[in-house]
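Peer 1: Attaching a single structure in structure tokens format; questions to follow.
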Amino acid sequence: MKIAIITDIHHGPQSHTKKPGWDGLPLLERFLDRAKAEKVDLVLDLGDHISDTTHEDDYRVASEVAAVFAGYDGPRVHVMGNHDVANLSLADNEAIFGQSMQSRVVDLGETRLLVWQPGVQLSRQTGFPAAAPALGWLVDALMEDERPAIIATHVPLSGHSQIGNYYFQRSPLHSSYPDHAQVREAVEATGRAALWLSGHVHWNTVTNVRGIQHVTVQSMSERFTTMPEPAGAYADLEIGNGQFAITVHGEDPFHARLPFRASGMRPWMRPLDRLEAPSAAPELEPAGA
């Protein structure tokens, strides 16, 4: 099975590190042409389609992105990012892209994709809203099926370090949800998640937390790791024979191959609650215990 991934297109006016005058739509067209030629099972877009300004302009540039996606006749899934909702509503985004932007499940045969859409409205002062109000749907969806699941969100929930990140080293509050630890604990307790895919942080990372591989994919438009040219990033995710391989193409290439299995198959021991070593080897306690 193969999924083609793109994220953080940021179509629209100049912002932050974006190259002046750069137009990402031709690259998006090439990405979709490649996905069609390779007959991928799914195109997954992880959000932040635009660089927001006003409602009128956001609607226009988001519609330009959607028009390119509409030329692809295979299955595709879109996630909303924080820039997509700065001036546009959920209903606006659904009308523009012609599909639901609610949380939903996509059956992929040997696995399922859980597209989880907690709130992504970002406040400069307080960061993201809590994700927990939407957590019940995610836990219920995980528990409905024993197949190892993939979770897709715009914002990562691994809680991984932002040291070196142009945007978030000094603003880690904006890199994840304030209750990311609570969300992870609830997901880990199900033992059903294998892989968590996100964008938002504009770099390639893999973080293993209690058997769940959290992967972030580089932005198509970003330059802070690839100056002077944009990363032009897009990714292939291949799953088979109990493994997954993620390959990011463009000016910031990245590759990882790791086991693909539900986290409950090998539950991790709980961390020590004290610094000194235990006097005897502890019994294995599942993550959800």
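Peer 1: Filtering segment 197-223 down to residues that are assigned to a strand (DSSP E or B) and in contact with a helix residue (DSSP H, G or I) (Cβ under 8 Å, 6 or more places away or on another chain), which residue is surrounded by the most Cβ atoms within 10 Å (Cβ to Cβ)?
Peer 2: Selected residue: Ile212.
Peer 1: While we're on this one: What's the number of the only condition in (1) open to solvent by less than 30 Å² (accessible area, probe 1.4 Å); (2) at pLDDT 95 or above that Ala287 fails to meet?
Peer 2: So Ala287 meets the others, but not (2).
Peer 1: Within the set of pairs 6 or more residues apart or between chains, which connect a residue that is touching a residue at least 24 places away in the same chain (Cβ under 8 Å) inside segment 15-26 to a residue that is open to solvent by less than 60 Å² (accessible area, probe 1.4 Å) and hydrophobic (A, V, I, L, M, F, W, C) with Cβ atoms less than 7 Å apart?
Peer 2: Thr17/Phe224; Gly24/Ile9; Gly24/Met220; Leu25/Val68
Peer 1: Moving on. Name the residue, out of Ser158, Ser100, Ser176, that is under 23 Å from Ile9 (Cβ atoms) and free of Cβ contacts under 8 Å to residues at least 24 places away in the same chain.
Peer 2: Ser100
Peer 1: Going residue by residue through segment 31-45, is there one that turns out to be part of a loop (DSSP other than H, G, I, E, B) and under 18 Å from Ile9 (Cα atoms)?
Peer 2: no
Peer 1: Filter segment 58-110 down to residues that are β-branched (Val, Ile, Thr) and under 17 Å from the mean Cα position of the chain (by Cα), then give me how many there are.
Peer 2: 5
Peer 1: Filter segment 152-167 for residues that are open to solvent by less than 20 Å² (accessible area, probe 1.4 Å) and touching a helix residue (DSSP H, G or I) at 6+ places or on another chain (Cβ under 7 Å); which is nearest to Val120 (Cα to Cα)?
Peer 2: Restricting to residues being open to solvent by less than 20 Å² (accessible area, probe 1.4 Å) and touching a helix residue (DSSP H, G or I) at 6+ places or on another chain (Cβ under 7 Å), the top hit is Leu157.
Peer 1: Of the residues Asp73, Asp58, which is open to solvent by 70 Å² or more (accessible area, probe 1.4 Å), of a type outside the set (S, T, N, Q) and either in contact (Cβ under 8 Å) with a residue 12 or more places away in the chain or part of a helix (DSSP H, G or I) (or both)?
Peer 2: Within the list Asp73, Asp58, the selection yields Asp73.
Peer 1: Do you know which residues across segment 109-140 are within 18 Å of Pro156 (Cβ to Cβ) and of a type in the set (Phe, Trp, Tyr)?
Peer 2: Those that are within 18 Å of Pro156 (Cβ to Cβ) and of a type in the set (Phe, Trp, Tyr): Trp116, Phe128.
Peer 1: Considering every residue within segment 238-248, establish whether at least one is among the acidic types (Asp, Glu) and farther than 19 Å from Lys2 by Cα.
Peer 2: Scanning segment 238-248, I find no residue that is among the acidic types (Asp, Glu) and farther than 19 Å from Lys2 by Cα, so the answer is no.
The values are calculated or read from the model by the stated rules, or taken from the named source; none is laboratory data. Keep in mind it's a predicted model, so treat the numbers as computed, not measured. Reconstructed Cβ throughout: ideal geometry from the backbone, glycine too, with neighbour counts over all protein chains shown. Please note that ligands, DNA and RNA were not included when accessible areas were found on the heavy atoms of the full protein model with its side chains. Shrake-Rupley method; radii C 1.70, N 1.55, O 1.52, S 1.80 Å.
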